[in-house]
Amino acid sequence: MKMKAVRVFAPEDMRVVEIDKPEIDAEKNVLIKMKAAGICGSDRGILHGTNAAATYPRIIGHEIVGVVEKVGEGVTRVKPGDRVIIDQVTSCGHCYACRKGRPNVCFNLKVKGVHIDGGYREWMTCNENDCYILPDSLEYKDAVMIEPTTIAVQSCSRAQLEEIDDLLIIGAGALGTSLIRIAKLYKPHKLIVSDIDNEKLANALKLGATDVINSREEDLETAVKKLTDGYGPTVTIDAACVKGSLLSAIKVTGPAGRVITMGFSVNPEEVNNFLITSKELDIRGSRLQNRKFQQVIDLINEGKVDLKGSVSHTFPITEAVEAFRFADSGDPSISKIALTFD
Ligand SMILES: [Zn+2]
Ligand SMILES: [Zn+2]
């Protein structure tokens, strides 16, 4: 049987293709009928050839939600009819990172939708351990936001965020928004958000930011120092990952602070020893997520995180090319775009 899939053959060459429907085996022992899949910045990076991790040709899609259609022998974690989200991380289990309990940076890491085929297809198979049961309260399309939320949980966990921290999040786009939702649960003393778009900043305030800075209208460093009694934030998360944002983060963060990077840009940034050594900054990457799905699902079930209505636009899988074009338009009405599969 054939099914539709979205394959990026090479940068700037994405097409909807017909391929064989997959079958379960001993390793990939769950067959899932896909229901929704988010479009995220990294998917657009793969399309445009700016994601250094990606290999081609690739069926992309890593924010992937569906319903279990069939399970193999001995599968106990899920059953047909279960609504699930799929963990995108595939790790080797034996390298240093895996042995340190950090499979998300496995030396032999294979991310679904990046290094191996992902979820922009009508059916996919995976291991039962990659499946997490969705909260009943959440529609399929909004459930794609669980994955970006796990990314935010990972980032706050890497930052060792605490109540005594003054947090600066650079960027109030999709990633920044997920970060605000999660970071506020840690009750940081200040939760400051910077962006260049006033509408996004207004939304940040609505979601729980204590202060916002338009870094096009004000000097970020001056404004954030003013808000932190001159000290600077103790945690800065760079969720913008644009030219200059990493240097700004390192400059502005106060002594003993942490700077979290989340971008994949390979463009050089000119930093210097003094900025880091003099303040004993920790500069830490935060990549993907380390088994954070259940934590996010629990937060939703406990009513601490609400993802309802977070997807602003949906497109059927057959209109994936149009969906990506719309995503690239930067239309201000976009908060999140999801592909659907019916
Ligand atoms: Zn993503
Ligand atoms: Zn490994």
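The values are calculated or read from the model by the stated rules, or taken from the named source; none is laboratory data. This one's a predicted model, so the numbers in the text were calculated from it and none came from an experiment. Using ideal geometry, Cβ is built from the backbone for each residue, glycine included, and neighbour counts are taken over all protein chains shown. Note: accessible area is taken over every heavy atom of the protein model, side chains too, but ligands, DNA and RNA are not part of it. Shrake-Rupley method; radii C 1.70, N 1.55, O 1.52, S 1.80 Å.
Please verify whether Ile133 is in the same structural domain as Thr55 (by TED's automatic domain parsing), hydrophobic (A, V, I, L, M, F, W, C) and surrounded by 24 or more Cβ atoms within 10 Å (Cβ to Cβ), treating the condition exactly as stated.
no
Give Tyr140, Tyr132, Tyr120 a once-over and let me know the one that is touching a strand residue (DSSP E or B) at 6+ places or on another chain (Cβ under 7 Å) and under 11 Å from Ile86 (Cα atoms).
Only one candidate passes the filter, namely Tyr132.
Test Asp87 against the criterion of being in contact (Cβ under 8 Å) with a residue 40 or more places away in the chain, buried (at least 21 other Cβ atoms within 10 Å of the Cβ) and within 16 Å of ligand 2 (Cβ to nearest atom), and give yes or no.
Taking the combined requirement at face value, the residue satisfies it.
Might you let me know whether region 32-42 holds any residue that is free of Cβ contacts under 8 Å to residues at least 24 places away in the same chain and assigned by TED's automatic domain parsing to the domain that holds Gly118?
no
I need the full set of residues from region 293-324 which are closer than 21 Å to Ile60 by Cα, within 21 Å of the chain's Cα centre (by Cα) and surrounded by 15 or more Cβ atoms within 10 Å (Cβ to Cβ), in order please.
Residues satisfying the conditions are Phe293, Val311, His313, Thr314, Phe315, Ile317, Ala320, Ala323, Phe324.
Those residues that are under 24 Å from Pro148 (Cα atoms) and in contact (Cβ under 8 Å) with a residue 40 or more places away in the chain, I need them from region 212-241; list them, please.
Scanning region 212-241 gives Val212, Pro233, Thr234, Val235, Thr236, Ile237, Asp238, Ala239, Ala240, Cys241.
Hey, could you check region 100-113 for residues that are farther than 13 Å from Asn290 by Cα and open to solvent by 50 Å² or more (accessible area, probe 1.4 Å) and say which is nearest to ligand 1 (Cβ to nearest atom)? Talk me through it step by step, then tell me what you get.
Taking region 100-113 and keeping what is farther than 13 Å from Asn290 by Cα, we get 107-108, 110, 112-113.
From what's left, open to solvent by 50 Å² or more (accessible area, probe 1.4 Å): 107-108, 110.
Working: Phe107: 22, Asn108: 21, Lys110: 16 Å.
Looking at residues that are farther than 13 Å from Asn290 by Cα and open to solvent by 50 Å² or more (accessible area, probe 1.4 Å), I get Lys110.
Tell me, which residue of region 26-40 that is out of contact with any Pro (no Cβ under 9 Å at 6 or more places or on another chain) and farther than 17 Å from Phe315 by Cβ is surrounded by the most Cβ atoms within 10 Å (Cβ to Cβ)?
Per the criteria, the residue is Ile32.
Name the residues in region 272-288 that are in contact (Cβ under 8 Å) with a residue 40 or more places away in the chain and within 11 Å of Ala159 (Cα to Cα), would you?
Arg284, Gly285, Ser286
Taking the residues in region 24-63 that are under 22 Å from Ala239 (Cβ atoms) and part of a strand (DSSP E or B) as candidates, determine which candidate is farthest from ligand 1 (Cβ to nearest atom).
Restricting to residues being under 22 Å from Ala239 (Cβ atoms) and part of a strand (DSSP E or B), the top hit is Ala37.
If I go through region 99-116 residue by residue, how many of them are in a loop (DSSP other than H, G, I, E, B), within 16 Å of ligand 2 (Cβ to nearest atom) and within 18 Å of the chain's Cα centre (by Cα)?
Looking only at region 99-116, we keep the residues that are in a loop (DSSP other than H, G, I, E, B), and these are 100-102, 106-109, 113-115.
From what is left, the residues that are within 16 Å of ligand 2 (Cβ to nearest atom) are 100-102, 106-109, 114-115.
Subsequent filtering for residues that are within 18 Å of the chain's Cα centre (by Cα) retains 102, 106, 109, 114-115.
So the count comes out to 5.
Could you list, in sequence order, all residues of region 181-202 that are in contact (Cβ under 8 Å) with a residue 60 or more places away in the chain and open to solvent by 10 Å² or more (accessible area, probe 1.4 Å)?
Kept after step one, since they are in contact (Cβ under 8 Å) with a residue 60 or more places away in the chain, are these residues of region 181-202: 181-182, 185, 197, 199.
Answer for region 181-202, where residues must be in contact (Cβ under 8 Å) with a residue 60 or more places away in the chain and open to solvent by 10 Å² or more (accessible area, probe 1.4 Å): Arg181, Leu185, Asp197, Glu199.
Could you tell me how many of the residues in region 233-253 are assigned to a loop (DSSP other than H, G, I, E, B) and surrounded by 21 or more Cβ atoms within 10 Å (Cβ to Cβ)? Even if it seems obvious, please write down each step before you answer.
Going through region 233-253, the residues assigned to a loop (DSSP other than H, G, I, E, B) turn out to be 233-234, 239-244, 253.
Going one step further and asking which of them are surrounded by 21 or more Cβ atoms within 10 Å (Cβ to Cβ), we end up with 233-234, 239-240, 253.
Result for region 233-253: 5.
Quick grid of which residues meet (1) surrounded by fewer than 24 Cβ atoms within 10 Å (Cβ to Cβ); (2) closer than 20 Å to Asp238 by Cβ; (3) away from ligand 2 (no atom under 16 Å from the Cβ):
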{"residue": "Gly93", "(1), (2), (3)": "yes, no, no"}
{"residue": "Gly118", "(1), (2), (3)": "no, no, yes"}
{"residue": "Met124", "(1), (2), (3)": "no, no, yes"}
{"residue": "Asn129", "(1), (2), (3)": "yes, no, no"}
{"residue": "Asp142", "(1), (2), (3)": "yes, no, yes"}
{"residue": "Thr150", "(1), (2), (3)": "no, yes, yes"}
{"residue": "Glu163", "(1), (2), (3)": "yes, no, yes"}
{"residue": "Leu179", "(1), (2), (3)": "no, yes, yes"}
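Of the residues that sit in region 143-160 and are touching a strand residue (DSSP E or B) at 6+ places or on another chain (Cβ under 6 Å) and in a loop (DSSP other than H, G, I, E, B), which one is nearest to Gln295 (Cα to Cα)? Give the steps one after another, and end with the answer.
As a first pass, look at region 143-160 and keep what is touching a strand residue (DSSP E or B) at 6+ places or on another chain (Cβ under 6 Å): 143-144, 146, 155, 158-159.
Cutting the leftovers down to in a loop (DSSP other than H, G, I, E, B) gives us 144, 159.
On the way: Val144: 15, Ala159: 17 Å.
Among them, the one singled out is Val144.
Answer yes if at least one residue in region 7-23 is β-branched (Val, Ile, Thr), without any contact (Cβ under 8 Å) to a residue 60 or more places away in the chain and in a strand (DSSP E or B), and no otherwise. It would help to see each step written out before you state the result.
Quick first cut of region 7-23, residues β-branched (Val, Ile, Thr) only: 8, 16-17, 19.
In the following step, the residues that additionally are without any contact (Cβ under 8 Å) to a residue 60 or more places away in the chain were identified as 8, 17.
Still in the list and also in a strand (DSSP E or B): 8, 17.
There is at least one residue in region 7-23 that is β-branched (Val, Ile, Thr), without any contact (Cβ under 8 Å) to a residue 60 or more places away in the chain and in a strand (DSSP E or B).
So, in region 69-98, of the ones that are within 16 Å of ligand 1 (Cβ to nearest atom) and assigned to a loop (DSSP other than H, G, I, E, B), which residue ends up nearest to Lys292 (Cα to Cα)?
At the first step, the residues of region 69-98 found to be within 16 Å of ligand 1 (Cβ to nearest atom) are 85-90.
Filter once more, so that each one left must be assigned to a loop (DSSP other than H, G, I, E, B): 87-88.
Details: Asp87: 9, Gln88: 11 Å.
Looking at residues that are within 16 Å of ligand 1 (Cβ to nearest atom) and assigned to a loop (DSSP other than H, G, I, E, B), I get Asp87.
Looking at region 238-260, which of its residues are β-branched (Val, Ile, Thr) and closer than 20 Å to Phe274 by Cα?
Filtering region 238-260 for residues β-branched (Val, Ile, Thr) gives 242, 250, 252-253, 259-260.
Across region 238-260, the qualifying residues are Ile250, Val252, Thr253, Val259, Ile260.
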